[in-house]
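The values are calculated or read from the model by the stated rules, or taken from the named source; none is laboratory data. Bear in mind that the values here come from a model prediction, so they are computed numbers and not experimental data. Here Cβ is always computed from backbone atoms with ideal geometry, including for glycine, and neighbour counts include all displayed protein chains. All accessible areas refer to the heavy atoms of the entire protein, side chains included, with ligands and DNA or RNA removed. Shrake-Rupley method; radii C 1.70, N 1.55, O 1.52, S 1.80 Å.
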Amino acid sequence: EALGPTITVGEILVEIMATTVGDGFLAPQPLIGPFPSGAPAIFMSQVARCGGAAGIVAAVGADDFGRLNVERLARDGVDVSAIATIAGKPTGSAFVRYRADGNRDFVFNIAHSAAGDTAMTGEAQALIARAGHVHVMGSAFAIDGAGAILRAAIADVKARGGSVSFDPNLRKELVSGAEGRRLVDDLLSVCDLLLPSGEELFVASGQDTEEAAIEALLAAGIAEVVLKRGAAGSSHFSRAHGRIDAPGLTVEEVDPTGAGDCFGAAYLTCRRLGMAPPQALAYANAAGARNVTRQGPMEGVGSLAELDQFIASVSAKG
Ligand code: ATP
Ligand code: MG
């Protein structure tokens, strides 16, 4: 951690979820929430809980949804100095209902919420100036100003010898246009660690088999590619270590939201704390699995000690 905290830029929001499974929000129904959320926020909560220094550039409204998030992140140990409070705009929100097939219906208020006003501030500049690592969350590109701040942060941190990680968290719409594609390609060319899941591997690499995709990404100079496989676990690929598989831990999935964010944050932080890839992968696998056992996007975030306990309490699938 000699090079300073891991930082990111992106959306903070509350999540309010239906308590029943079904289609959408066309009728009155019981809901539970607000839960603190936003992929970049979940990620930073897990970085801090793992013992890493963490900070986030973001914006919330002057309301309870904003206070709920800022208080949670501060309690977890995240530097909240660069979270701006925007007068006259509400904190972002997402209403979520799971369908019987596992897909989700959403009502989002992000781009037009306070999060949409995320901008470079004096506090953001100060946080970037002491950062040692930039994590880029693809979902943040839904915010107009996020791309420019991330580019500035990456240039600054790289110039000081720092590193970059990228979770594409891709919506296909993001890479469909020429500009979105350029953005993804720019990030692939600077990132040291790539954290794709599912078809993101193929979209990012332009290849259509796992083997070809991994080979293309490593050949392009990305040092580590860690593929998230949901309940099946994860795999790590690098020139130095070849392929390392971590089978999924057998858990009861209560709420899958946030698993990928916890996974990535635990992996990155363990590596930045000096662990070798197999140990970092084991913690990451546990962080993702633990998070799905709790309702709420960041309610299952755990410290390394809690992850040790969790690993001991569940048995690995064969
Ligand atoms: P997200 O929905 O947050 O974007 P993702 O698609 O990026 O998630 P996943 O592969 O769903 O990422 O989950 C990340 C990691 O969490 C997996 O690689 C695995 O280690 C763990 N994980 C997720 N779901 C489960 C599960 N049901 N059982 C065990 N482990 C799980
Ligand atoms: Mg993901």
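General observations
Conditions tested, residue by residue: (1) open to solvent by less than 10 Å² (accessible area, probe 1.4 Å); (2) at positive phi; (3) in contact (Cβ under 8 Å) with a residue 24 or more places away in the chain.
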{"residue": "207", "(1), (2), (3)": "no, no, no"}
{"residue": "218", "(1), (2), (3)": "no, no, no"}
{"residue": "224", "(1), (2), (3)": "no, no, yes"}
{"residue": "233", "(1), (2), (3)": "yes, yes, yes"}
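- Condition check for residue 224: of a type in the set (Asp, Glu), over 19 Å from residue 46 (Cα atoms), within 14 Å of ligand 1 (Cβ to nearest atom) and touching a Ser or Thr at 6+ places or on another chain (Cβ under 9 Å): no
- Boolean, residue 213 is of a type in the set (Gly, Ala, Ser) and assigned to a helix (DSSP H, G or I): yes
- Matching entry among 229, 239 (being more than 15 Å from ligand 2 (Cβ to nearest atom), modelled with pLDDT of 95 or more, among the charged types (D, E, K, R) and under 20 Å from residue 270 (Cα atoms)): 239
- Enumeration of residues in region 269-286 that are of a type in the set (A, V, I, L, M, F, W, C) and within 16 Å of ligand 2 (Cβ to nearest atom): 284
- Every residue from region 256-277 that is within 14 Å of ligand 1 (Cβ to nearest atom), in contact with a strand residue (DSSP E or B) (Cβ under 9 Å, 6 or more places away or on another chain) and modelled with pLDDT of 95 or more: 258, 259, 260, 261, 263, 264, 265, 267, 268
- Unmet requirement for residue 247, which otherwise passes all of (1) more than 16 Å from ligand 2 (Cβ to nearest atom); (2) open to solvent by less than 60 Å² (accessible area, probe 1.4 Å); (3) in contact (Cβ under 8 Å) with a residue 40 or more places away in the chain: (2)
- Test: residue in region 277-293 that is under 20 Å from residue 166 (Cβ atoms), assigned to a helix (DSSP H, G or I), open to solvent by less than 60 Å² (accessible area, probe 1.4 Å) and among the charged types (D, E, K, R): no
Per-residue answers, yes or no, for (1) within 19 Å of the chain's Cα centre (by Cα); (2) open to solvent by less than 10 Å² (accessible area, probe 1.4 Å); (3) modelled with pLDDT of 95 or more; (4) not basic (Lys, Arg):
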position	(1), (2), (3), (4)
5	yes, no, yes, yes
10	yes, yes, yes, yes
29	no, no, yes, yes
33	no, no, yes, yes
43	yes, yes, yes, yes
50	yes, yes, yes, yes
63	no, no, yes, yes
85	no, no, yes, yes
90	no, no, yes, yes
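- Every condition in (1) assigned to a strand (DSSP E or B); (2) over 16 Å from residue 261 (Cβ atoms); (3) at pLDDT 95 or above holds for residue 75 except the one numbered (1).
- Exclusive hit being outside any helix (DSSP H, G or I), touching a Lys or Arg at 6+ places or on another chain (Cβ under 9 Å) and within 27 Å of residue 307 (Cβ to Cβ), set 60, 96, 136: 96
- Filter result (among the hydroxyl-bearing types (Ser, Thr, Tyr) and either closer than 15 Å to residue 225 by Cα or within 16 Å of ligand 2 (Cβ to nearest atom) (or both)) within region 250-268: 257, 267
- Test: residue in region 300-313 that is within 16 Å of ligand 2 (Cβ to nearest atom), of a type outside the set (A, V, I, L, M, F, W, C) and open to solvent by less than 30 Å² (accessible area, probe 1.4 Å): yes
- You will find that of 208, 156, the residue that is part of a loop (DSSP other than H, G, I, E, B), over 19 Å from the mean Cα position of the chain (by Cα) and farther than 30 Å from residue 16 by Cα is 208 and no other.
- Among residues of region 250-261 that are among the hydroxyl-bearing types (Ser, Thr, Tyr), those with a beta-carbon under 7 Å from a residue that is at pLDDT below 95 and more than 6 Å from ligand 1 (Cβ to nearest atom) at least six positions away or on a different chain give the pairs 250/314; 250/315; 250/317.
- Filter pass, residue 105 being of a type in the set (Asp, Glu) and surrounded by fewer than 16 Cβ atoms within 10 Å (Cβ to Cβ): yes
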